[in-house]
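Reading through the structure tokens given below for one structure.
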Amino acid sequence: MAYDYERDYAEAARDPDGFWRKVAQRIDWMQAPTQIRDVSFDAKDFRIRWYADGTLNATVSCLDRHLATRGDRTALIFEPDDPNGETQRIPYRELHARVCRLANALRNLGVAKGDRVTLYLPMIPDAAVAMLACARIGAIHSVVFGGFAPHSIADRIADCRSKLVITADEGLRGGKRIPLKANVDAALALPGTNSVETVLVVRHTGAAVPMQMPRDRWVDAVVEGQPDTCDPEPMNAEDPLFILYTSGSTGKPKGVLHTTGGYIVYASWTHERVFDLRDDDVFWCTADVGWVTGHSYVVYGPLANGATCVMFEGVPNYPDYSRFWNIVDKYQVTIFYTAPTAIRALMREGDAPVKATSRKSIRVLGTVGEPINPEAWRWYHDVVGDARCPITDTWWQTETGGTLIAPPLDRPQKPGSAMKPLPGILPAIVDGKGNVLEGETEGNLVLLDSWPGQMRTVYGDQKRFFETYFSTFPGKYFTGDGSHRDADGDYWITGRVDDVIIVSGHRIGSAEVESAFVSHPKVAEAAVVGFPHDIKGQGIYAYVTLMDGEAEDDALRAELIAHVRKEIGPIATPDHLQWAPGLPKTRSGKIMRRILRKIAEGAPEQLGDTSTLADPTVVESLVKHRRGQ
Ligand code: WTA
């Protein structure tokens with residue numbers, strides 16, 4: 001073990017500035033920072049700035065600095081959806097050249113520092129190349145997960161006024177084709193998207209896709225003849241690196257903005273520390289680059305560390321349930337990082353598909369995205385890891401940029417616990433009034449102080465940033481999660497305490513699904529809650545009130561579910577839809593979701609106090625007609 005947790009935590013607590021100054025030295029700076037942190041979570045002088053007088057370009061740490069010593073080392077290993085398809089091994093030297101060519105092409109197309117570029121791509125190396133090409137020239141990328149539908153793409157383009165979109169002809173997942181370019185075309189036909197001047201298309205499946213001239217260009221054509229070097233744009237540490245939209249309690253998804261210096265320092269440091277990264281590791285994080293896990297632990301963290309990283313286009317069950325483990329054996333993966341939902345889905349298929357493979361190369365296992373139930377943890381440990389490998393259960397968020405709480409690997413782990421804050425991280429548990437609770441306890445998880453990878457603002461809406469995260473418990477960052485802390489001081493994240501639902505590790509806001517429902521002409525009102533789901537962790541349960549005179553039948557139920565799927569994307573497909581002639585509301589008209597959650601869970605005996613309801617009879621009727629038993 002390369003580190004001593006207690007020693008490092010104590011060192012960071014004693015001298016935070018000195019500690020974070022040292023951590024920042026792992027990155028190549030054009031101008032090294034002399035200022036380390038400048039932070040206040042208080043309303044009157046609210047600010048979050050790290051390394052503010054430093055200058056750098058994140059891609060220099062991810063690419064250029066490796067050329068002299070490890071230019072021939074594989075940066076990315078690409079495993080396509082089709083197990084018999086063409087794999088790729090891209091050395092650092094080649095990745096650098098590809099990034100530079102695309103960066104030059106983007107500059108030629110008029111993209112400049114500060115411009116926003118939306119990426120809507122499959123899990124292929126071009127996605128990493130596109131992110132880094134933007135970063136090379138100081139453009140701010142906004143990656144939109146390839147599973148989102150045109151409306152969701154359009155909202156995200158409109159919010160940040162992207163100038164350019166990079167997509168592919170199609171994506172492939174489990175043998176199915178995803179019409180990416182067609183979805184972009186549909187998105188750009190929607191209002192609010194006229195900022196987009198150019199659409200670059202990666203030729204991936206080779207499908208014929210309509211190209212609208214002069215807007216649409218093939219990536220091959222624009223990079224052709226471009227030099228394979230490109231001067232990196234000097235960026236201030238606090239200049240934006242990317243925007244990533246994520247769901248919150250209310251309203252539309254927020255554009256989480258990360259800046260350059262603190263983010264790359266934190267992604268790189270946590271990637272090494274949390275996984276105990278060694279020089280000869282082959283690291284595989286199964287997350288899509290459309291999520292923050294893909295940003296920090298497929299692209300920025302591993303590449304800044306000069307690691308070899310697997311990128312997998314497909315899904316765990318195609319062509320069969322051994323796929324993950326076959327890939328592990330094929331590339332001799334040493335660190336494997338995935339989500340509990342995938343583990344549960346594979347566990348359901350039994351041990352045979354795992355046992356058919358070797359997995360001897362694996363040294364460390366990781367999980368992220370939602371609480372892992374102890375049963376899934378044990379299966380992961382005993383069957384996948386042959387009871388040989390430590391499991392790092394990493395708790396973090398899009399907002400945090402990198403892992404904040406994870407088990408130190410120098411001691412035994414506890415199944416289901418993320419255990420300890422990383423050095424320099426100060427979590428606390430507070431009650432509903434914001435009082436810090438000591439010792440063994442349970443409550444709301446907050447952070448008392450900043451860390452370099454913290455988000456800096458909601459793009460274009462600083463007020464929303466402050467209100468969302470710093471107003472519930474003044475002076476503290478509120479995570480939206482609940483947590484238990486045991487007698488050893490270990491943290492056990494219990495899940496969201498707000499209206500965010502985590503479905504198969506994907507964050508979905510109740511409000512987004514509700515607004516998709518009410519955009520249907522026959523729907524008067526909708527309320528959406530999460531409920532426990534064996535495989536997905538949480539499923540989506542919807543209560544829908546129809547317009548007067550509409551018939552509550554199965555055909556309409558199917559139509560409404562399809563409507564939500566079409567508006568947001570397949571990940572937001574409701575599992576259950578219950579007709580609700582009325583919704584439980586307070587006398588002031590607020591929907592009481594607490595009650596709806598208990599009904600969806602099938603625990604009507606725990607409804608609690610219903611005396612504040614405007615019409616208590618509504619609840620009885622909902623309990624009687626609950627779906628999904
Ligand atoms: C949840 C993903 C329990 C949590 C990196 C958080 C977890 C939300 C864990 C962020 C974990 C993430 N144990 N819960 N190890 N990791 N979560 O923004 O509710 O997609 O607030 O970031 O996922 O999801 P996001």
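The values are calculated or read from the model by the stated rules, or taken from the named source; none is laboratory data. None of the values given here were measured: they were computed from a predicted structure. Positions of Cβ are backbone-derived with ideal geometry, glycine not excepted, and every protein chain shown enters the neighbour counts.
Looking at (1) under 29 Å from GLY589 (Cβ atoms); (2) at pLDDT 95 or above, which one does ALA511 not meet, given that it meets all the others?
Single failed check for ALA511: (2).
Here is a list of conditions, (1) within 16 Å of the ligand (Cβ to nearest atom); (2) closer than 18 Å to LEU409 by Cα, and ASP276 meets all of them except one; can you say which number that is?
Against the list (1) within 16 Å of the ligand (Cβ to nearest atom); (2) closer than 18 Å to LEU409 by Cα, ASP276 comes up short only on (1).
For region 1-18, how many residues are within 27 Å of the chain's Cα centre (by Cα) and either over 16 Å from LEU448 (Cα atoms) or charged (D, E, K, R) (or both)?
Summing the residues that are within 27 Å of the chain's Cα centre (by Cα) and either over 16 Å from LEU448 (Cα atoms) or charged (D, E, K, R) (or both) in region 1-18 gives 1.
Got a sec? Which helices (runs of 4 or more DSSP H) wholly within region 218-318 have at least 2 residues that are under 30 Å from VAL458 (Cβ atoms) and among the aromatic types (Phe, Trp, Tyr)?
Where helices (runs of 4 or more DSSP H) fall fully within region 218-318 and carry at least 2 residues being under 30 Å from VAL458 (Cβ atoms) and among the aromatic types (Phe, Trp, Tyr), they are 260-274.
Within region 406-461, work out how many residues are within 24 Å of PHE275 (Cα to Cα) and of a type in the set (S, T, N, Q).
The total comes to 4.
In the set GLU313, GLU370, GLU375, which member is within 16 Å of the ligand (Cβ to nearest atom) and touching a Pro at 6+ places or on another chain (Cβ under 7 Å)?
Sole residue among the options that is within 16 Å of the ligand (Cβ to nearest atom) and touching a Pro at 6+ places or on another chain (Cβ under 7 Å): GLU370.
Go through (1) without any contact (Cβ under 8 Å) to a residue 60 or more places away in the chain; (2) within 13 Å of the ligand (Cβ to nearest atom); (3) crowded, with 20+ Cβ neighbours inside 10 Å; (4) not small (Gly, Ala, Ser) and name the single condition MET419 misses.
Just one mismatch for MET419, condition (1).
Between a first residue in region 393-407 that is closer than 15 Å to PRO452 by Cα and a second residue that is of a type in the set (Lys, Arg) and near the ligand (Cβ under 8 Å from one of its atoms), which pairs have beta carbons less than 9 Å apart while being 6 or more apart in sequence or on different chains?
As it stands, the answer is GLN397/ARG507; THR398/ARG507, since those pairs meet every condition given.
Taking the options TYR321, TYR297, name whichever one is hydroxyl-bearing (Ser, Thr, Tyr) and surrounded by 23 or more Cβ atoms within 10 Å (Cβ to Cβ).
Answer to the check: TYR297.
Could you please give the count of residues in region 127-173 that are surrounded by fewer than 21 Cβ atoms within 10 Å (Cβ to Cβ), out of contact with any helix residue (DSSP H, G or I) (no Cβ under 7 Å at 6 or more places or on another chain) and either small (Gly, Ala, Ser) or farther than 23 Å from GLY192 by Cα (or both)?
Adding up the residues that qualify gives 2.
Could you grab me the full set of residues in region 504-555 that are under 21 Å from the mean Cα position of the chain (by Cα) and among the polar types (S, T, N, Q)?
SER504, SER510, GLN538
Could you please find all residues in region 511-537 being in contact with an Asp or Glu (Cβ under 6 Å, 6 or more places away or on another chain) and more than 25 Å from LEU404 (Cβ to Cβ)?
ALA516, LYS522, ALA526, VAL528, PHE531
Taking the condition in a strand (DSSP E or B), at pLDDT 95 or above, within 15 Å of the ligand (Cβ to nearest atom) and closer than 15 Å to ILE502 by Cβ, does THR392 pass?
Considered against the rule, which asks whether it is in a strand (DSSP E or B), at pLDDT 95 or above, within 15 Å of the ligand (Cβ to nearest atom) and closer than 15 Å to ILE502 by Cβ, THR392 comes out as no.
So which pairs qualify, if the first residue must be in region 362-380 and within 16 Å of SER483 (Cβ to Cβ), the second must be charged (D, E, K, R) and within 15 Å of the ligand (Cβ to nearest atom), the Cβ gap must be under 7 Å, and the two must be at least 6 apart or on different chains?
Every condition considered, the pairs that remain are ILE372/ASP393.
Just the residues that are under 24 Å from GLY110 (Cβ atoms) and outside any helix (DSSP H, G or I), please, taken from region 170-199.
Answer for region 170-199, where residues must be under 24 Å from GLY110 (Cβ atoms) and outside any helix (DSSP H, G or I): ALA189, LEU190, PRO191, GLY192, THR193, ASN194, SER195, VAL196, GLU197, THR198, VAL199.
Rundown of residues vs (1) without any contact (Cβ under 8 Å) to a residue 60 or more places away in the chain; (2) of a type in the set (Val, Ile, Thr), yes/no style:
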{"site": "GLU79", "(1), (2)": "no, no"}
{"site": "PRO83", "(1), (2)": "no, no"}
{"site": "ARG89", "(1), (2)": "yes, no"}
{"site": "ARG93", "(1), (2)": "yes, no"}
{"site": "LEU102", "(1), (2)": "no, no"}
{"site": "VAL111", "(1), (2)": "yes, yes"}
{"site": "VAL117", "(1), (2)": "yes, yes"}
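With the condition kept exactly as written, say whether any residue in region 546-569 is surrounded by 19 or more Cβ atoms within 10 Å (Cβ to Cβ), modelled with pLDDT of 95 or more and touching a Gly at 6+ places or on another chain (Cβ under 6 Å).
yes
Suppose the filter is in contact with a strand residue (DSSP E or B) (Cβ under 8 Å, 6 or more places away or on another chain), under 28 Å from LYS420 (Cα atoms), among the charged types (D, E, K, R) and not in a strand (DSSP E or B); does ASP481 pass it?
Answer is no for this residue.
If you check every pair at least six apart or on different chains, which have Cβ atoms under 6 Å apart with a residue in region 598-612 that is surrounded by fewer than 15 Cβ atoms within 10 Å (Cβ to Cβ) first and a residue that is not aliphatic (A, V, I, L, M) second?
GLN606/LYS598; THR610/PRO616; THR612/THR586
Return the total of residues in region 472-488 being free of Cβ contacts under 8 Å to residues at least 60 places away in the same chain and more than 12 Å from the ligand (Cβ to nearest atom).
Summing the residues that are free of Cβ contacts under 8 Å to residues at least 60 places away in the same chain and more than 12 Å from the ligand (Cβ to nearest atom) in region 472-488 gives 5.
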